[in-house]
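See below for the structure under consideration.
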Amino acid sequence: MANLFERIDAASHIVLIAHVNPDADSLGSASAMMTHLMRLHKKATLFCASSSIDPNLAFLPWFDTIRDKFPASADLAISFDCASRRRLGVDAGCDLINIDHHISNESYGVLNYIDVNAISTTQVLFNLFADTKITINPKMATGLYAGLLDDSRGFGSHRMQPETLRMAAALAEAGADIITCAAMLLQRRSLAATRLKGWMLQQLELHCDGQVASMSVPHSVMEQTGARGEDCEAALEEGLHLPTVEVSLMLHERKDGTIKGSLRSKGRLNVQAIAASLGGGGHLHAAGFEQQDRLLEAVHDHIISLIEKRIIDE
């Protein structure tokens, strides 16, 4: 079977897929590959099924070319950071190559490049470029660095390894715009997001003798503040800063009634297993899930009981 770059050479129209509600890792990977394809003069489309994308990611190369309609002429698709077909948001209808780092990845591609030891999907792609001796230019470096910075939590993740910093240095040397990446991903926050974070921290609850922090956000609060779903993540991370907290839980209710849940752990508990039991996925210490047709309070109490049981069992 042909490898990734042989498949690229043979394809006529390649679609690069960032997952629904993309983060810097998914979109940064896709934008880096887009730059490479443009150097090869390949016909390529950057696709995301979400019609609205976090404006803080607008600094990424090719952001203004993203399309939410999948082109019928595509004969090859490449997904980035998508652990499941559902996260694609589309049925590609052509051969699909899957590049990812999630332990929960379903290996749905005709080719699957999955490295669960990588801290980000951009690290997986960086290694693929390095193995093939592909030169990384400044645009590619910026996309790859953005994903690395975001998924490493600003280089503060427990998954940090020496190679993480070596990759960061290599990308900086290749011309990555590290100042803009830091400003847009770590420092910039809208007024709506700031108000939401304040509300969430006021509502923060502790459970299991202070080992679990939780925050639940009704859709009415999202409407009042004007915040976006991804704006909830900042308070989720803040929950882990409390000295006794091992797990932070965030739930937010969407307009359609779906409840989006996110879990973070300092390292002791495997939150991916909890998310998987709810139909979600992710990593050992960062995972997410969705629940439908359930009340926010009921979902909250159920998740807390699952976490409490795992704490007791350990």
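The values are calculated or read from the model by the stated rules, or taken from the named source; none is laboratory data. As the structure is a computational prediction, the values presented were derived from the model and not from experiment. Glycine gets a Cβ as well: all are built from the backbone with ideal geometry, and neighbour counts include every protein chain shown.
No other residue among 73, 120 is among the hydroxyl-bearing types (Ser, Thr, Tyr) and surrounded by fewer than 17 Cβ atoms within 10 Å (Cβ to Cβ) apart from 73.
Can you tell me how many residues within the range 117-135 are touching a residue at least 40 places away in the same chain (Cβ under 8 Å) and not in a helix (DSSP H, G or I)? Qualifying residue count, the range 117-135: 4. Looking across the range 92-107, the residues that are in a loop (DSSP other than H, G, I, E, B) and either without any contact (Cβ under 8 Å) to a residue 12 or more places away in the chain or surrounded by fewer than 17 Cβ atoms within 10 Å (Cβ to Cβ) (or both) come down to 93, 107. Among the residues of the range 242-272, just one is in a loop (DSSP other than H, G, I, E, B), among the hydrophobic types (A, V, I, L, M, F, W, C) and within 21 Å of the chain's Cα centre (by Cα), namely 269. State whether the residues of the range 270-280 include one that is over 21 Å from residue 115 (Cα atoms), touching a residue at least 40 places away in the same chain (Cβ under 8 Å) and hydrophobic (A, V, I, L, M, F, W, C). Checked the range 270-280: no residue is over 21 Å from residue 115 (Cα atoms), touching a residue at least 40 places away in the same chain (Cβ under 8 Å) and hydrophobic (A, V, I, L, M, F, W, C). Under the condition of being in contact with a Leu (Cβ under 7 Å, 6 or more places away or on another chain) and closer than 20 Å to residue 152 by Cα, which residue from the range 265-274 is surrounded by the most Cβ atoms within 10 Å (Cβ to Cβ)? Among them, the one singled out is 271. Can you name the residue in the range 156-186 that is touching a helix residue (DSSP H, G or I) at 6+ places or on another chain (Cβ under 7 Å) and not in a helix (DSSP H, G or I) and, of all such residues, is farthest from residue 9 (Cα to Cα)? Within the range 156-186, the match that is farthest from residue 9 (Cα to Cα) is 177. Taken as a whole, the condition of being at pLDDT 95 or above, surrounded by fewer than 15 Cβ atoms within 10 Å (Cβ to Cβ) and out of contact with any Phe, Trp or Tyr (no Cβ under 6 Å at 6 or more places or on another chain) does not apply to residue 182.
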